[in-house]
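Peer 1: Sharing a structure here in structure tokens format.
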Amino acid sequence: MPSQVVVSHFSKRYGAFEAVRSLSFTIEKGEIFGLLGPNGAGKTTTIECLVGLRDPDAGELSVGGLDVRQHPREAKQKIGVALQNPALPDKITAREALKLFGSLYPTRVAPEILLERFSLTEKADLPFDSLSGGQRQRLSLALAFVNNPELVVLDEPTTALDPQSRGEIHAEIARMKADGHTVLLSTHYLEEAERLCDRIAIIARGTIVALGTPAELIARAGVKQSCTVLTTKPLPRGLLTKATGVEGLELEGNTARFQTADPPGTLAGLAALLASERIELVDLHLRKASLEEVFLSLTHTAAPREGLSS
Amino acid sequence: MNGFAALFLVSCRLHFRNRMALLYGYLFPLIFLVAFWVLYRHESVPLLRHMGELLTVSILGGACFGLPTSMVSERERGVWRRYRLTPATTWSLVASTVAARYVIILSSGLLQLAVALAVGMTFPEEPLLLFATFSVVAFAFIGLGLVIAMLADTVPAVQALGQCVFLPMLIIGGVAVNLSALPEWAQILSGFFPGRYAVEALQATVSGKGLEGLSFCLMSLTLSGIAGSVAGAKLFRWDAQQKFATRGGKVWLTAVFAAWLAVGGISVWRDQMVAEAKTLASRAAAEAEAAAPRHEWEKITAKDVAALDYHLPPDEGVVAPFAPSDMAPDDYVVEQLTKVRENISTWAPGLAGDDVQRVRTLICVAAVPDSVQQPCEMFIPAIVLDHLQATFPKVKLIQMLTWIAKNPDAGTVVDDVTDIGVGGTADPELVRERAYFYAIKFVARLTGRRDN
């Protein structure tokens with residue numbers, strides 16, 4: 001089955017600045033694909049070129065088998081977009097907005113259906129400027145569905161939302177996948193990407209530095225595990241550093257934090273040390289590497305390019 | 001409902017939900033109306049002479065402030081960026097926005113008209129023409145509004161650019177200040193602003209002058225509208241991140257300036273042509289007036305001259321004698337003749353009245369001595385004829401003499417010419433008779449029918 005989205009050797013410059021350099025990835029039908037990267041990495045540029053807001057300089061961008069440059073109007077009929085900024089006139093109501101934007105497509109979903117699906121029925125006739133941040137974002141998601149799209153593009157949909165609203169949006173995104181939609185999600189939140197995405201592309205300096213499932217990325221990165229130890233009295237630094245595999249030791253009162261690439265060996269050495277020093281263990285946490293740590297390890301050399309939109 | 005109609009309806013609805021838009025779109029034009037009403041309160045029909053100005057202000061405000069403010073505000077908020085995500089074409093979205101703005105401006109104009117009628121203005125003489133002209137003016141200014149919307153990066157920039165267009169048109173463009181009250185340079189400059197043509201065309205339809213002679217106004221407004229629309233379309237920006245300074249296609253702005261310059265240039269040329277035509281017409285009228293016969297004697301033709309009865313008493317006879325040029329006077333009359341020759345040009349009666357009366361009086365200088373049989377009588381006619389020839393053009397003189405001969409009883413005659421140097425008082429009727437003879441004898445000599 002052909003890929004729903006194909007991005008191949010895509011490049012984009014803004015004057016002398018190369019925002020994206022020969023970027024390539026595909027998104028399969030029914031997949032939630034995450035784009036991760038620091039500010040200025042090229043995420044938004046990639047999305048804007050894919051949805052027709054900007055013209056790419058080079059490469060192929062297609063949605064549902066249609067080249068977005070050669071067939072922009074037909075491609076746009078297959079795409080629904082929820083922008084980072086909901087961007088509607090202050091006094092337009094949710095019902096009017098859904099009706100208006102639906103009228104701009106040849107096929108459309110009835111506003112009432114979308115209002116109900118996105119829990120906006122009660123707010124349907126209130127002006128946009130009276131809606132809360134979460135309600136606005138739900139309306140933005142609803143607008144992305146007015147044309148019953150094959151591909152839903154979500155550009156940082158949960159930015160600046162409170163945890164409750166963010167949870168609601170996560171539920172909606174999960175429902176999109178359940179309904180068989182293909183989703184391209186750009187986000188700053190690594191936890192969100194790890195939780196929602198089937199695959200993730202990490203972009204830095206306009207190019208993909210890692211691509212795969214969250215688990216694959218973590219495993220591939222080979223990041224050390226973190227260990228936190230709480231004892232009845234402070235552990236002696238000199239002895240602890242001699243334990244097997246302890247790296248990056250930090251001591252703060254009765255708490256010790258460190259990383260290890262050999263958890264079994266380190267924990268065995270730690271147990272022997274506690275016994276010999278007659279120190280009681282109060283608490284111990286051993287945590288595998290997170291996507292955040294993977295992200296930081298992959299992108300720490302790619303400093304944000306300030307003053308430029310990605 | 002298609003996208004065009006949906007956006008049109010939503011744009012109209014949103015306008016009426018925006019208090020500031022209502023304030024600028026309806027209240028400000030009404031403030032102008034009230035100000036004009038108060039300012040020209042002594043006019044017999046309130047506001048009738050100023051509806052062109054008032055409607056132009058209303059259209060100008062709606063098109064050059066309302067439209068770009070709305071478009072730039074929506075662009076800054078990302079609304080147009082969102083529109084771009086849809087398959088709708090640019091032209092349909094812009095056309096829909098423009099159509100909504102036209103309806104908004106039309107409603108503002110109708111409100112002004114209604115208020116003007118309520119305070120006593122008479123109904124416009126040409127309502128359908130007014131509607132058509134209003135639409136052309138709205139088209140011209142909406143084109144300009146589109147250009148402002150594409151030039152301005154922010155709403156404050158719209159206000160600044162709008163004022164740059166609005167104020168000059170208001171003050172020196174003939175919109176708020178009557179052109180006749182402006183200095184000549186401002187009147188010339190006003191020809192470069194479409195506001196002047198808007199006022200003239202609208203006022204003509206309200207006052208009932210019709211659009212005859214206003215084809216140039218409508219043509220210039222249409223040209224401005226087309227130039228603005230084309231430039232606005234070519235410079236169209238979806239995204240607030242696309243700053244005007246960094247985008248291409250600025251050359252399209254020259255279309256707008258070129259249209260204004262062309263219209264202004266043609267206007268200046270037309271004004272010169274009109275002025276020259278007026279000068280020529282007034283000169284021709286003056287010449288025609290000068291050429292036209294103002295007096296009966298000026299109608300005298302060569303045929304009339306030929307028709308005179310030249311069967312006159314002989315020159316050497318008693319009645320109306322006329323000495324030949326080679327005949328020397330006797331010594332005792334030489335002094336008398338010298339006095340006559342010296343005094344005739346300053347003789348007061350000979351200077352009084354119109355030309356024909358002067359000629360008749362001067363003939364009397366010869367007729368009176370003849371009537372009273374003065375010895376010098378036969379030498380004086382030559383002196384008089386010489387003086388007449390020196391005083392009047394020959395053609396005119398022939399006409400006047402002929403007319404006197406044909407109307408011997410008209411005018412007045414002098415029966416005493418003592419002042420000029422020849423004594424004696426004659427019978428006026430006799431003087432008229434002799435004057436008749438001398439008039440014909442003078443004509444005969446002037447036309448070559450008889451030698452001097």
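Peer 1: What single numbered condition from (1) under 27 Å from B:ARG75 (Cβ atoms); (2) part of a loop (DSSP other than H, G, I, E, B); (3) among the β-branched types (Val, Ile, Thr) fails to hold for A:THR107?
Peer 2: Checking A:THR107 against (1) under 27 Å from B:ARG75 (Cβ atoms); (2) part of a loop (DSSP other than H, G, I, E, B); (3) among the β-branched types (Val, Ile, Thr), the one that fails is (1).
Peer 1: With the requirement that a residue be free of Cβ contacts under 8 Å to residues at least 24 places away in the same chain and either β-branched (Val, Ile, Thr) or closer than 23 Å to A:LEU139 by Cα (or both), what does region A:36-72 give you?
Peer 2: Once the filter is applied, which keeps residues that are free of Cβ contacts under 8 Å to residues at least 24 places away in the same chain and either β-branched (Val, Ile, Thr) or closer than 23 Å to A:LEU139 by Cα (or both), region A:36-72 yields A:GLU48, A:LEU53, A:VAL68.
Peer 1: Going by the structure shown, is A:GLY265 touching a Ser or Thr at 6+ places or on another chain (Cβ under 7 Å) and surrounded by fewer than 17 Cβ atoms within 10 Å (Cβ to Cβ)?
Peer 2: yes
Peer 1: Kindly provide the set of residues from region B:407-422 that are outside any loop (DSSP other than H, G, I, E, B) and either hydroxyl-bearing (Ser, Thr, Tyr) or more than 12 Å from B:PRO369 (Cβ to Cβ) (or both), ordered by number.
Peer 2: Quick first cut of region B:407-422, residues outside any loop (DSSP other than H, G, I, E, B) only: B:416, B:418-420.
The answer is B:THR418, B:ASP419.
Peer 1: If you take just the helices (runs of 4 or more DSSP H) that sit entirely in region B:165-283, which of them hold at least 2 residues that are without any contact (Cβ under 8 Å) to a residue 12 or more places away in the chain?
Peer 2: The qualifying helices (runs of 4 or more DSSP H) are B:184-190, B:215-234.
Peer 1: Here's another thing I want to ask about it. Applying the selection to region A:216-249, what residues are among the aliphatic types (A, V, I, L, M) and either in contact with a helix residue (DSSP H, G or I) (Cβ under 9 Å, 6 or more places away or on another chain) or surrounded by 17 or more Cβ atoms within 10 Å (Cβ to Cβ) (or both)?
Peer 2: If we filter region A:216-249 for residues that are among the aliphatic types (A, V, I, L, M), which is where we start, we get A:217-219, A:221, A:223, A:229-230, A:235, A:239-240, A:243, A:246, A:249.
A:LEU217, A:ILE218, A:ALA221, A:VAL223, A:VAL229, A:LEU235, A:LEU239, A:LEU240, A:ALA243, A:VAL246, A:LEU249, listed by residue number.
Peer 1: Which residues, taken from region B:85-106, are at the interface with chain A (Cβ under 9 Å from one of its Cβ atoms) and crowded, with 21+ Cβ neighbours inside 10 Å?
Peer 2: B:LEU85, B:THR86, B:ALA88 - these are the residues of region B:85-106 that are at the interface with chain A (Cβ under 9 Å from one of its Cβ atoms) and crowded, with 21+ Cβ neighbours inside 10 Å.
Peer 1: Is it the case that A:GLY40 is away from chain B (no Cβ under 13 Å), assigned to a loop (DSSP other than H, G, I, E, B) and under 28 Å from A:ALA215 (Cβ atoms)?
Peer 2: Numbers: away from chain B (no Cβ under 13 Å): yes; assigned to a loop (DSSP other than H, G, I, E, B): yes; under 28 Å from A:ALA215 (Cβ atoms): yes.
Taking the combined requirement at face value, the residue satisfies it.
Peer 1: Kindly indicate the residue of region A:95-109 that is under 11 Å from A:ALA142 (Cα atoms) and out of contact with any Pro (no Cβ under 8 Å at 6 or more places or on another chain) and also nearest to the other protein chains (Cβ to nearest Cβ) among those meeting that condition.
Peer 2: Step by step, filter region A:95-109, then rank; the result is A:PHE101.
Peer 1: Name the single residue, out of those in region A:43-82 being of a type in the set (S, T, N, Q) and more than 12 Å from chain B (Cβ to nearest Cβ), that is surrounded by the fewest Cβ atoms within 10 Å (Cβ to Cβ).
Peer 2: A:GLN70
Peer 1: So the check is Cβ under 9 Å with 6+ separation or different chains; which pairs have a first residue in region B:4-17 that's farther than 16 Å from B:LEU106 by Cα and facing another protein chain (nearest Cβ under 7 Å) and a second one that's among the basic types (Lys, Arg) and outside any helix (DSSP H, G or I)?
Peer 2: B:LEU14/A:LYS91; B:ARG17/A:LYS91
Peer 1: Oh, and also: For region A:83-91, check the following and say yes or no: at least one residue is among the hydrophobic types (A, V, I, L, M, F, W, C), buried (at least 22 other Cβ atoms within 10 Å of the Cβ) and within 12 Å of chain B (Cβ to nearest Cβ).
Peer 2: yes
Peer 1: Further question on the same structure: Taking only region A:150-184 into account, find how many residues are hydrophobic (A, V, I, L, M, F, W, C), on the phi < 0 side of the Ramachandran plot and in a loop (DSSP other than H, G, I, E, B).
Peer 2: 1
Peer 1: Test A:SER119 against the stated conditions and say whether it is away from every other protein chain (no Cβ under 14 Å), in a loop (DSSP other than H, G, I, E, B) and over 15 Å from A:LYS78 (Cα atoms).
Peer 2: Yes.
Peer 1: For residues in region A:122-136 being away from every other protein chain (no Cβ under 12 Å) and within 27 Å of the chain's Cα centre (by Cα), which is farthest from A:LYS91 (Cα to Cα)?
Peer 2: Result: A:GLY134.
Peer 1: Is it true that some residue in region A:122-144 is surrounded by 21 or more Cβ atoms within 10 Å (Cβ to Cβ), out of contact with any Ser or Thr (no Cβ under 9 Å at 6 or more places or on another chain), not hydroxyl-bearing (Ser, Thr, Tyr) and not in a helix (DSSP H, G or I)?
Peer 2: Within region A:122-144, none of the residues are surrounded by 21 or more Cβ atoms within 10 Å (Cβ to Cβ), out of contact with any Ser or Thr (no Cβ under 9 Å at 6 or more places or on another chain), not hydroxyl-bearing (Ser, Thr, Tyr) and not in a helix (DSSP H, G or I).
Peer 1: Suppose we filter B:GLY66, B:GLY52 for residues that are in a helix (DSSP H, G or I), more than 14 Å from chain A (Cβ to nearest Cβ) and over 36 Å from the mean Cα position of the chain (by Cα); which single one remains?
Peer 2: B:GLY66
All of the numbers you see were taken from the coordinates with simple rules; none came from a lab. Given the structure is predicted, the values throughout are model-derived calculations rather than measurements. Please note: Cβ atoms are built from the backbone with ideal geometry, for glycine as well, and neighbour counts cover all protein chains shown.
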